[in-house]
Every structure is written in C-alpha cells, then in structure tokens.
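The numbers here are math on the coordinates, done by the rules we state, and not lab data. Values in this document were obtained by computation on a predicted structure and should not be read as measured data.
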Amino acid sequence: MNKIKLKELIKRYQKEVKYGDMSHFNDLIASMVISDLTEVTDSYMTLYSVDEITLSKLLGQINPELVSVPSRYEINDEKSRFNALSKSRALIYGYEQKKAANTWIDMMIDAGIIKENETINPVDYVLDDFIKDYNLREILPIKYTRKKDNTNNQIVKGKGLNKNKKGIN
C-alpha cells in the first residue's frame, strides 16, 4: 500500500473539508481509519478487504451486539493512551484496530452521523460504504481470494486456466 499517496489524499480531503466542501468527508473518515490500520503494517488491510471491515470487527466483537457510543472525554482519553503507546513502541495486540475504531467513532460524531451515548449496531458501519473516491480505492491493497466453484478447473504451469482438464485455453 502506498502510504505517501494515502497521506496526500488525507491532506487533500482535510483541506476540502476545511473550506466547506463536504463531498469527500466520508472518504476522509475512511482514509483516516485506513491510516490507523496501516500505521505499523499492512497486514490487516491485506487480510480483509474493505467490504469485510466493519466497526464491529475493529472493536473486537466476536458476537456482534449493540454498543453505546463513548463520550468525547472517553474518546480523547483513548487517543492519549494510543499516542503514549505509539511513542513508547509498546504496541499491544489489536492496537491498530482499536485506534482505527476510535478514530472512526470520533469522526462520525464530528459529522453528526452518530451522537455521544447513542446506542448503535457497529455491524451497520462498513468501511467500503465510506469510500467514494476512486483515488482512495485505487491505493488499497488487493486481497487475493480464490473463487469457489464446482468445475474441474486446474492451473497448469505455463498454460493458464484449463477448463475441464482438456487443455483448452
């Protein structure tokens, strides 16, 4: 993933929002979440595609349930904790995901999408729904997924995909 282009997009979106152009606000939210997820390594973004990343998954919920949106005080307290962890390099398991979830919630409160102490279903918030700009989608890592089908396709070295094992290209 090209982190330099991601940072350039974040700056561009922030500048647009600062001057009142809210057309890329959702892209700003998505790019900030992606930036948090890729702070140390791109492994989370390559493991899951953007249509699989939900707020629920970032919060670490195994069985999705309704959650109460934290207050601004709690959000700022978490930000301070994450900043201290990143400076000390004492990263804990799930650090990136929790920081990204905190950023996502904070920015949605700023946008008025959700309110403090409101009860929400975090499964409803999918990262792919926030990505509207083609430039942002273009820099995301591509996830390899093998299609599951019932045909007898096999890959033969140097021949490509052969249908029904007959050698037809």
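One Cα centroid belongs to segment 107-133, the other to segment 1-63; the line between them spans 13 Å. Based on C-alpha pairs under 8 angstrom that are at least 6 apart in sequence, segment 3-142 has a relative contact order of 41 percent. For a straight C-alpha distance cut-off of 16 angstrom, the aspartates and glutamates reachable from K18 (same-chain residues fewer than eight places away being disregarded) are E8, D27, D110. Residue pairs exceeding 19 angstrom between C-alpha atoms, taken from K11/K115; K15/K132; K99/K132: K11/K115; K99/K132. Here, segment 3-142 yields an orientationally averaged convex hull projection of 8.3 nm² when only Cα atoms define the hull.
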